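The structure appears below as structure tokens.
The values are calculated or read from the model by the stated rules, or taken from the named source; none is laboratory data. Since the structure is predicted, the reported quantities are computational estimates derived from the model, not experimental observations. Neighbour counts are summed over all protein chains in view; Cβ atoms, including those assigned to glycine, are modelled from backbone coordinates with ideal geometry.
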Amino acid sequence: MSTSASKDTGLIASVLAAHGGLQNWARVKKITAKLSLRGPFWAARGWPEVYAGQTVTLDPHHEHIEFTPFSAPGRTSVLDVDPERVLIKAADGRVVEERTDPRASFPKRFDIQTTRWDAIQVAYFTSAAVWNYLTAPFVFTYPGVEAREIAPWAENEQTWRRLAVKFPSSIANHNADQVFYYDRDYMLRRMDYSPEVTGNPPVAHYTHDPKTFDGFVFPTRRLAHLRNAEGIADQSFAAITTNIDAVSVESTRQRQTSDIKPAARVAIQS
């Protein structure tokens, strides 16, 4: 997909190039990741260790994502959109459980300690989140997504440039308006969002240890913290952690080194 002319392409272009290049991404047809999500958040929902040792497979251009094993050996969760639907299937392909418009099924009131979710709700929350994590920053160029550079952010004696991104309702996500922070090498350091299905808490989600897999860069460690009204994160506690062990990117033809264009250095604006 090409970048819309309505987008602020300055910072985005450098970020896309640093992560593997938009032309290369257009040839990607499948991503497979080995990962685990942990943290006290899952036990509080009634699903401790539900995302330990997962194989995740996704379509990078249309929101389809599968997690295996989900909730029991041999079972797989599947999220599709247009319309939004989650199903859980057995190893033989039999549908065990299915729900259309799963987002509407979440409890209206959410308590971080006591609110329980069913299997479909857990699958929806995680599938929508991880699909967006693994397709960023290229998802910023997709139809209906709006992105613009906003004022930079200073933290730990560094200055991070920021993109304010607004996602359309056609992309299942935590919430529409999010902010992404990039360092001088155009690597993602943090993202801010407020998940609607958990009562819109202000989250500061930090990313660490970026690694290159098949020519594309992915953060391999993620920590979700809360932030205060000034944007300062409480990094003493992470409700959710994500660790990626490996990523495989399958493209329609072999990637060529000549396709890779280095990101241009852009001066940080104060």
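Quick look at the numbers
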| quantity | calculated |
| --- | --- |
| Candidate set: segment 182-219, residues that are assigned to a strand (DSSP E or B) and of a type in the set (A, V, I, L, M); chosen: the one surrounded by the fewest Cβ atoms within 10 Å (Cβ to Cβ) | 217 |
| Out of 270, 236, sole residue that is exposed (fewer than 10 other Cβ atoms within 10 Å of the Cβ) and modelled with pLDDT under 95 | 270 |
| Test: residue in segment 131-144 that is surrounded by fewer than 18 Cβ atoms within 10 Å (Cβ to Cβ) and not polar (S, T, N, Q) | yes |
| Residue satisfying condition, being at pLDDT 95 or above, surrounded by fewer than 19 Cβ atoms within 10 Å (Cβ to Cβ) and more than 21 Å from residue 110 (Cα to Cα), within set 259, 177, 245 | 245 |
| Every pair of residues 6+ apart whose Cβ atoms lie under 6 Å, when the first sits in segment 23-36 and is free of Cβ contacts under 8 Å to residues at least 60 places away in the same chain while the second is part of a helix (DSSP H, G or I) | none |
| Condition check for residue 111: part of a loop (DSSP other than H, G, I, E, B), of a type in the set (D, E, K, R) and either under 23 Å from residue 203 (Cα atoms) or in contact with a Lys or Arg (Cβ under 9 Å, 6 or more places away or on another chain) (or both) | yes |
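Residue-by-condition table, conditions (1) assigned to a strand (DSSP E or B); (2) in contact (Cβ under 8 Å) with a residue 12 or more places away in the chain:
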{"position": "50", "(1), (2)": "no, yes"}
{"position": "67", "(1), (2)": "yes, yes"}
{"position": "93", "(1), (2)": "no, no"}
{"position": "123", "(1), (2)": "no, yes"}
{"position": "128", "(1), (2)": "no, yes"}
{"position": "144", "(1), (2)": "no, yes"}
